[in-house]
Amino acid sequence: MAQANGASVQAVYDALNDLANKDQQGFITDVEFNRFAQIAQLNIYNSLFDELKDAKRLSRAGFNPVRDKSRIKRIQEDLSYFSKKATVTKDGDIFNKPTDLSRIISISTAGSILLDQSTKKPIEVCYDEEKIERILLNNLSAPTEDFPVALVSDDIHVFPTSIKKVEVRYYKIPEGRLSSGERVTIPQQPTYDADSTNIDFELPEHYTSDLVYEIAKMIGLNLRDQQITNYTNQEMQVRKQAETF
């Protein structure tokens with residue numbers, strides 16, 4: 001179930017246990033780890049949107065490098081790990097949001113392919129109920145099937161109401177969990193069966209050190225940036241070598 005190229009949940013867990021042992025705080029249980037892992041990943045995930053906003057602002061001012069050195073390109077590539085698409089059918093008067101939705105990218109009518117052309121129509125997304133009211137009451141701006149509008153709140157309302165199916169592109173809520181399944185008994189140390197159902201982080205592999213750092217802060221471990229970096233780099237090297245066999 002692990003996503004390819006995502007940061008290894010086992011590597012992060014092992015690094016934290018290594019730090020905890022050096023701090024003489026014992027070992028971190030799977031329950032403790034899972035409690036903080038999701039929050040840590042969300043913190044980093046949310047910071048990417050702030051970074052992207054700052055990068056675009058700097059780009060408008062002429063300070064963004066081009067091609068592979070572009071900060072905007074790098075962040076967008078990292079966020080692409082969370083990009084997802086869902087077709088949603090109308091449920092009564094509303095469209096229910098996907099259960100794993102974090103942020104909407106775009107909404108369009110579901111459409112079809114007709115004479116090699118897509119009949120999808122982009123839907124303007126609005127989060128302001130007062131603005132929607134003004135749009136609906138104005139004969140000149142009233143939504144049509146060619147120019148639909150969606151109000152996003154607890155759910156999604158699409159106008160005109162004749163539209164029955166939409167396609168939602170969005171960023172999903174990140175996942176990452178250490179399995180609490182069958183354990184291999186080793187004195188004083190929790191070790192997990194290789195066939196357990198770990199769900200790796202969805203942040204790319206190069207965020208491994210950031211994840212260790214974030215979780216370590218929450219657990220209250222003594223932070224040693226270089227030690228964390230060295231450990232996680234070694235773990236990734238071992239993992240890559242193992243995958244070549």
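Points to keep in mind about this one:
- Counted residues, the range 89-139 - those being part of a loop (DSSP other than H, G, I, E, B) and among the polar types (S, T, N, Q): 6
- Odd one out for I72 among (1) hydrophobic (A, V, I, L, M, F, W, C); (2) over 28 Å from I39 (Cβ atoms); (3) modelled with pLDDT under 90: (2)
- When the test is whether a residue is part of a loop (DSSP other than H, G, I, E, B), in contact (Cβ under 8 Å) with a residue 24 or more places away in the chain and not charged (D, E, K, R), P143 does not pass it.
- Looking only at the range 207-219, and only at residues there that are touching a residue at least 60 places away in the same chain (Cβ under 8 Å) and not hydroxyl-bearing (S, T, Y), the one that is surrounded by the fewest Cβ atoms within 10 Å (Cβ to Cβ): M218
- Here K56 passes the criteria (1) touching a helix residue (DSSP H, G or I) at 6+ places or on another chain (Cβ under 7 Å); (2) under 20 Å from D210 (Cα atoms); (3) of a type in the set (D, E, K, R); (4) modelled with pLDDT under 90 except the one numbered (2).
- Residue, nearest to T161 (Cα to Cα), within the range 79-108, restricted to residues that are touching a Lys or Arg at 6+ places or on another chain (Cβ under 6 Å) and among the β-branched types (V, I, T): T89
- Test: R183 is exposed (fewer than 14 other Cβ atoms within 10 Å of the Cβ), among the charged types (D, E, K, R) and modelled with pLDDT of 95 or more: no
Residues checked against (1) surrounded by 14 or more Cβ atoms within 10 Å (Cβ to Cβ); (2) not assigned by TED's automatic domain parsing to the domain that holds I156:
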| position | (1), (2) |
| --- | --- |
| T89 | no, yes |
| G92 | no, yes |
| F95 | yes, yes |
| I107 | yes, no |
| L115 | no, no |
| T119 | no, no |
| P122 | no, no |
| C126 | yes, no |
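The values are calculated or read from the model by the stated rules, or taken from the named source; none is laboratory data. Small disclaimer: the values here were computed from a predicted structure and weren't measured. Positions of Cβ are backbone-derived with ideal geometry, glycine not excepted, and every protein chain shown enters the neighbour counts.
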